[in-house]
1. Just to be sure I understand, how many residues within segment 95-105 are surrounded by 13 or more Cβ atoms within 10 Å (Cβ to Cβ) and touching a residue at least 60 places away in the same chain (Cβ under 8 Å)?
2. Would you check if there is a residue in segment 67-82 being over 16 Å from Phe56 (Cα atoms), out of contact with any strand residue (DSSP E or B) (no Cβ under 8 Å at 6 or more places or on another chain), modelled with pLDDT of 90 or more and of a type in the set (Val, Ile, Thr)?
3. Can you tell me which residue is farthest from the chain's Cα centre (by Cα) among those in segment 108-127 that are of a type outside the set (A, V, I, L, M, F, W, C) and outside any loop (DSSP other than H, G, I, E, B)?
4. Tell me, which residue of segment 70-93 that is hydrophobic (A, V, I, L, M, F, W, C) and not in a strand (DSSP E or B) is surrounded by the fewest Cβ atoms within 10 Å (Cβ to Cβ)?
5. I'd like the full set of residues that are β-branched (Val, Ile, Thr) and within 28 Å of Val143 (Cα to Cα), limited to segment 75-117.
6. Give the residue that is nearest to Ala72 (Cα to Cα), with candidates limited to residues of segment 128-150 that are in a strand (DSSP E or B) and not aliphatic (A, V, I, L, M).
7. With the requirement that a residue be under 21 Å from Thr99 (Cα atoms), at pLDDT below 90, surrounded by fewer than 17 Cβ atoms within 10 Å (Cβ to Cβ) and not hydrophobic (A, V, I, L, M, F, W, C), what does segment 15-60 give you?
8. In segment 43-61, which residues are over 17 Å from Arg93 (Cβ atoms) and hydrophobic (A, V, I, L, M, F, W, C)?
Amino acid sequence: MAQASETLETAVRGRPGVLGRSDGCSLSGTLEVVGERWTFLILREAMSGVTRFNDFRDHLGIASNLLTARLAKLVEYGIMERHTYQDEGTRARSSYHLTPVGRELNLVVAAIQQWGNLHLECRLGPIVAFEDTHGSPVTVQFVDTATGRPVAPEDIAVRPIGLAGGDSQSDGA
């Protein structure tokens with residue numbers, strides 16, 4: 001089992017079909033781990049404080065077998081960790097808590113929700129809000145690392161920087 005202090009890359013390195021594949025860039029590997037609808041909804045619930053299996057199931061309306069599989073994968077990759085608890089008079093059960101690696105995904109979940117808020121007409125709208133510790137709303141944006149200024153999405157260029165394993169792509173020059 002991956003340790004909470006590991007990065008996602010360390011947690012998945014060497015696993016066939018994730019970062020070990022020839023096409024296994026960091027985006028591909030990340031999507032192998034968290035790129036499924038139920039996984040994002042589980043993460044959203046965990047970020048808002050849900051920890052118990054029954055609460056995840058009831059909040060999401062997810063089948064128990066799917067929830068079990070998704071939680072097991074999140075634990076396997078060090079995104080969540082399982083703790084045992086026992087309420088008086090009941091059997092021991094598991095609760096699921098985000099690790100530091102898992103909490104780093106709040107940026108991803110917020111970005112996806114922010115995009116949906118802007119471009120989709122959802123019946124319920126957002127059901128969680130992302131705020132700073134003072135309760136002020138926050139947004140996800142690109143920031144120029146040299147100046148600290150926001151950069152608009154239309155001003156972002158995506159360029160290849162090389163292939164895994166040290167091979168670089170030619171720009172035709």
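1. Within segment 95-105, the subset surrounded by 13 or more Cβ atoms within 10 Å (Cβ to Cβ) is 95-99, 101-105.
Checking which are touching a residue at least 60 places away in the same chain (Cβ under 8 Å) leaves us with 99, 101, 104-105.
Qualifying residue count, segment 95-105: 4.
2. no
3. Of all residues in segment 108-127, those of a type outside the set (A, V, I, L, M, F, W, C) come to 113-114, 116-117, 119, 121, 123, 125-126.
Then drop every residue that is not outside any loop (DSSP other than H, G, I, E, B), which leaves 113-114, 116-117, 119.
On the way: Gln113: 12, Gln114: 15, Gly116: 16, Asn117: 18, His119: 21 Å.
Looking at the filtered set, the residue picked out is His119.
4. Here is the first cut: in segment 70-93, the ones hydrophobic (A, V, I, L, M, F, W, C) are 71-72, 74-75, 79-80, 92.
Checking which are not in a strand (DSSP E or B) leaves us with 71-72, 74-75, 79, 92.
Values: Leu71: 21, Ala72: 13, Leu74: 24, Val75: 19, Ile79: 28, Ala92: 8.
If we take residues in segment 70-93 being hydrophobic (A, V, I, L, M, F, W, C) and not in a strand (DSSP E or B), then Ala92 is surrounded by the fewest Cβ atoms within 10 Å (Cβ to Cβ).
5. First, pick out the residues of segment 75-117 that are β-branched (Val, Ile, Thr): 75, 79, 84, 90, 99, 101, 108-109, 112.
Within segment 75-117, Ile79, Thr99, Val101, Val108, Val109, Ile112 qualify.
6. Restricting attention to segment 128-150, the residues satisfying the condition of being in a strand (DSSP E or B) are 131, 137, 142-143, 150.
Adding the requirement that they be not aliphatic (A, V, I, L, M) leaves 131, 137, 142, 150.
Details: Glu131: 29, Pro137: 32, Phe142: 33, Pro150: 38 Å.
Across segment 128-150, the extreme among qualifying residues is Glu131.
7. Listed by number, the residues that qualify are Arg15, Ser26.
8. If the condition is that a residue be over 17 Å from Arg93 (Cβ atoms) and hydrophobic (A, V, I, L, M, F, W, C), then Leu43, Met47, Leu60 are the ones that fit.
The values are calculated or read from the model by the stated rules, or taken from the named source; none is laboratory data. None of the values given here were measured: they were computed from a predicted structure. All Cβ positions, glycine included, derive from the backbone under ideal geometry; neighbour counts span all protein chains shown.
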